[in-house]
1. Among all residue pairs at least 6 apart or on different chains, which show Cβ distances below 7 Å where the first residue, located in the range 91-103, is over 13 Å from LYS72 (Cα atoms) and the second is crowded, with 22+ Cβ neighbours inside 10 Å and at pLDDT below 95?
2. Out of the residues in the range 123-151 that are among the charged types (D, E, K, R) and crowded, with 18+ Cβ neighbours inside 10 Å, state the one that is nearest to PHE220 (Cα to Cα).
3. Looking at the range 170-188, is at least one residue charged (D, E, K, R), more than 24 Å from GLU84 (Cα to Cα), without any contact (Cβ under 8 Å) to a residue 40 or more places away in the chain and outside the structural domain of VAL258 (by TED's automatic domain parsing)?
4. Would you pick out the residues in the range 78-122 that are surrounded by fewer than 18 Cβ atoms within 10 Å (Cβ to Cβ), of a type in the set (Asp, Glu), out of contact with any helix residue (DSSP H, G or I) (no Cβ under 6 Å at 6 or more places or on another chain) and under 23 Å from TRP64 (Cα atoms)?
5. So which residues in the range 280-297 are at pLDDT below 90 and charged (D, E, K, R), if there are any at all?
6. Sort out for me the strands (runs of 3 or more DSSP E) sitting completely within the range 97-156 that have 2 or more residues that are assigned by TED's automatic domain parsing to the domain that holds GLU84 and more than 19 Å from HIS182 (Cα to Cα).
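The values are calculated or read from the model by the stated rules, or taken from the named source; none is laboratory data. Predicted model only: the values in this text are computed from it and were never measured. Here Cβ is always computed from backbone atoms with ideal geometry, including for glycine, and neighbour counts include all displayed protein chains.
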Amino acid sequence: MGEARLTREEAVALLERGEAAAEAEDWAVAAACYEEFLEVFPDTEFSPVLWFDAALYHKFLRNWDKAYEIGKQAAARAGDGEGEPAYWNLGIAATMVRDWETARQAWAGFGITLAPGEGEIQDGFGMACVRLDPEGDAEVVWVRRICPTRGRVLSVPFTDRRFGEIVVHDGAPNGERHVGEHSYPVFDELALWQPSDTPTWRAQLTAPDEADMRALSDAFSDHDLAMEPVDSLKFHCKCCSEGSLETDTTVLTGLRDVLLAAPDEAAAREILDTWADDGPQRAWHAIHAKAETELGE
């Protein structure tokens, strides 16, 4: 990495400045200090920790190219310990830059078994929840996990996010949701990995009983789409949201507003028409594109 150009005093001062910046959560300065040190001293006794920290700080900054570049250095010095976080962070960064070979190697190093294959990872990792935009709207949605760090959104978000997005989430759960006897982790979103071109529609309908509402949900699911009642929106404080919550499965009936994920209005209308024709008292009355600011009004 070039000839040493730091005196001992300069190296110590650089590390101290980086440590102080990290304590102040000034991730950019902390990473820059550690990188400057590592450029001269890449393999001291404590360099593996600095490589890891620098990669982690770039992850915090969502600087995925740097997190990937430095993360490879960190993983190369991490040894073969299962559960080593350097592999996890590299797996995330490699996923973000779409280096699937490195991502697969990182997950294997961490101790995760993937189905054999090459290219993009499309495995089944079960259901979970993800908190979209955790520092902003912090909306919790259901996802189907397709790799250790990605999930496809199955809910119809109430914010300006969309059904069908693929999001990258971190590894440590930050809350859980209970449905009956089952518990599901809530992960915080790190980044939007792939946007969705499926817009959200808002409709008003009449559903006489629970079976009618469930039938509408099934009708959209059968088309790989989704439906969400507007009155299912629940607001929680940060403490409660990041805790353990029971999910209410009660289905309300009568005159309802619903959000619908469909490629266009015609597709939404067709599903609604079929659903209404299959029930003697079912009906829908209006539909329009949901505005970005329309949140359960």
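1. Nothing qualifies.
2. Step by step, filter the range 123-151, then rank; the result is ARG145.
3. So far as the range 170-188 goes, yes, one or more of its residues are charged (D, E, K, R), more than 24 Å from GLU84 (Cα to Cα), without any contact (Cβ under 8 Å) to a residue 40 or more places away in the chain and outside the structural domain of VAL258 (by TED's automatic domain parsing).
4. ASP99, GLU101, GLU118
5. Correct list: LYS290, GLU292, GLU294, GLU297.
6. Filter on the range 97-156 gives an empty set.
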